[in-house]
1. Using the Karplus curve 6.51 cos²θ - 1.76 cosθ + 1.60 with θ = phi - 60°, work out ³J(HN,Hα) for each residue of region 355-361 in order, rounded to whole Hz, and write x for Gly and Pro.
2. Take 512, 337, 367 and sort them by solvent-accessible surface of the protein heavy atoms, 1.4 Å probe, largest at the top.
3. Can you find, among 302, 406, 334, the residue sitting farthest towards the positive end of the charge dipole of region 264-421, where Lys and Arg contribute +1 and Asp and Glu -1 at Cβ?
4. By how many nm would the segment from residue 495 to residue 320 lengthen if fully extended, with 0.36 nm per residue of separation less the alpha-carbon distance?
5. Which residues among region 444-466 fall inside the zone where the amide N is under 18 Å from a point 7 Å beyond the Cα of residue 390, along Cα→Cβ?
6. Where the only charges are on Cβ atoms (+1 Lys, Arg; -1 Asp, Glu), what is the dipole of region 194-238 about its Cα centre, to the nearest 20 debye?
7. Given Cβ point charges of +1 (Lys, Arg) and -1 (Asp, Glu) and nothing else, what value in debye, to the nearest 20, does the dipole of region 208-297 about its Cα centre take?
8. Report D for region 261-352 in µm² per second (integer): Stokes-Einstein, Kirkwood Rh on Cα pairs, 4 °C, 1.567 mPa s.
Amino acid sequence: MSVSIGTLKPFQHSIIDNVDSAMSFQSLSFASSHLSGGKLISSKSLRSRRFISSKNAYHSRAAIIVSPKAVSDSSNSQTCLDPEASRSVLGIILGGGAGTRLYPLTKKRAKPAVPLGANYRLIDIPVSNCINSTISKIYVLTQFNSASLNRHLSRAYASNMGSYKNEGFVEVLAAQQSPENPDWFQGTADAVRQYLWLFEEHNVLEFLILAGDHLYRMDYEKFILAHREADADITVAALPMDEKRASSFGLMKIDEEGCIIEFAEKPNGEQLKEMQVDTTILGLDDERAKENPYIASMGIYVISKDVMLNLLRQSFPAANDFGSEVIPGATSIGMRVQAYLFDDYWEDIGTIEAFYNANLGITKKPVPDFSFYDRSAPIYTQPRYLPPSKMLDADITDSVIGEGCVIRNCKIHHSVIGLRSCISAGTIIEDTLLMGADYYETNDDKILLYAKGSVPIGIGKNCHIKRAIIDKNARIGDNVKIINIDNIQEVARESDGYFIKSGIVTIIKDAVIPSGTII
């Protein structure tokens, strides 16, 4: 007896056109690995490997030609890791130091906890990139003002990462003193070394080292796949760079296989010229390669687990920094250190000016520098359950408005307005980042404050604010002008509630600016 089950028809083009991301089977890539006794073992670990003294070559390998697809971040390709990243990769986000260049934004918070883009915090960027790349085991290392960072991570990710089958987590590891390590973190490598005892307990193949103060969107699975396919010990994310910007970064030189052979920290003149490379090796087309003949380290690394343990404990036990000591040192002892090209938007938010420009960049027309409107790779943050923002007779252009704002009869142009912001009538806000507030004040609270001669949270009536950063919970009175009227580039007026850096006025968190003040 035969049964007819119908005819399988090919997809029509009209259907495919409506699919957000159609899979291209020609672009599927696989990295092989094996399971042995419950422990993850990569295919390269099955080959004989032995660690030789740091003065000799790590071990010899046959030359490997790395195809451009393996070292390019293409948004169209699909990645299949074996074993998958959720089981085989541990994410380690470095929270950075005291954040002195971002001061006063880091006065009461760790650098990764600084608010970003109206609704988010800096730490949401690398954590979201990890989640979107199926990396669910994430540590965040910090040692300064970590209370708000702890609070944000626990509210945003604690209840969403773990499950019966997937033991995911996002945990903060603060610097601590012990008999073996009496000092605080001395640098990026030292921070990781002090917690190696914890990291090595995880049954993973690679450690993914990330920074907590970068703005970018990246598929780490492709990064890890390139690391495995190149049979690398370390893979460094690299950014193509033109000559104008190159001298501000740590540059790398590569051979014809994409292996890093030389490093130079912020070179100039002839030394800069010597660091030119053929970036077509890493997948750039001829035109782009001509415009960007340099590659800069992004401070993002994939490091094989056994390699990390050997480097930090045996080869370089006193090294404090990855970028200037450990990675160049690994190259010098013959390890395979591979470059991986990331040719997309990336910004190191390490200074007030960079932070200001990155935030206002999301208002750019017609395409922002960085978009939070990406359905395939969203940026996550804590759910706050705030009401929609209310705009009453307001004139708002080229701006981004966060949740729960109340904006009355004012003009806002080319600005980012953070959550719970309250802006009163007659105010003009231009080219400004307003971070908002952590809580609302009731009408009774405001009446009581006025009776005491104080100022409610938010922006008062008839103010003019231009080219400024207003930190959270700031209280700006009526008729205040924050316009840097004397065009001052650098000044510290902490007792008055503000700093000026690179000509940008920054109002400190919780500061009170009395009515009639002119800055």
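1. 5, 4, 5, 5, 5, 5, x
2. Working: 512 70, 337 0, 367 100 Å².
Ranked list, largest accessible area first: 367, 512, 337.
3. Selected residue: 406.
4. Working: separation 175, 0.36 × 175 = 63.00 nm, distance 3.57 nm.
Extra length available between residue 495 and residue 320 comes to 59.4 nm.
5. 444-447, 456-461
6. Details: 3 positive and 9 negative charges, 38 e Å.
Magnitude of the dipole: close to 180 debye.
7. Working: 10 positive and 20 negative charges, 84 e Å.
Its charge dipole is roughly 400 debye.
8. Details: Rh = 15.2 Å.
Rounded to a whole number, D works out at 85 µm²/s.
The values are calculated or read from the model by the stated rules, or taken from the named source; none is laboratory data. The structure presented is a predicted model; accordingly, all values stated were derived computationally and were not measured. Neighbour counts are summed over all protein chains in view; Cβ atoms, including those assigned to glycine, are modelled from backbone coordinates with ideal geometry. Protein only, heavy atoms only, side chains kept; ligands, DNA and RNA dropped before computing areas. Shrake-Rupley method; radii C 1.70, N 1.55, O 1.52, S 1.80 Å.
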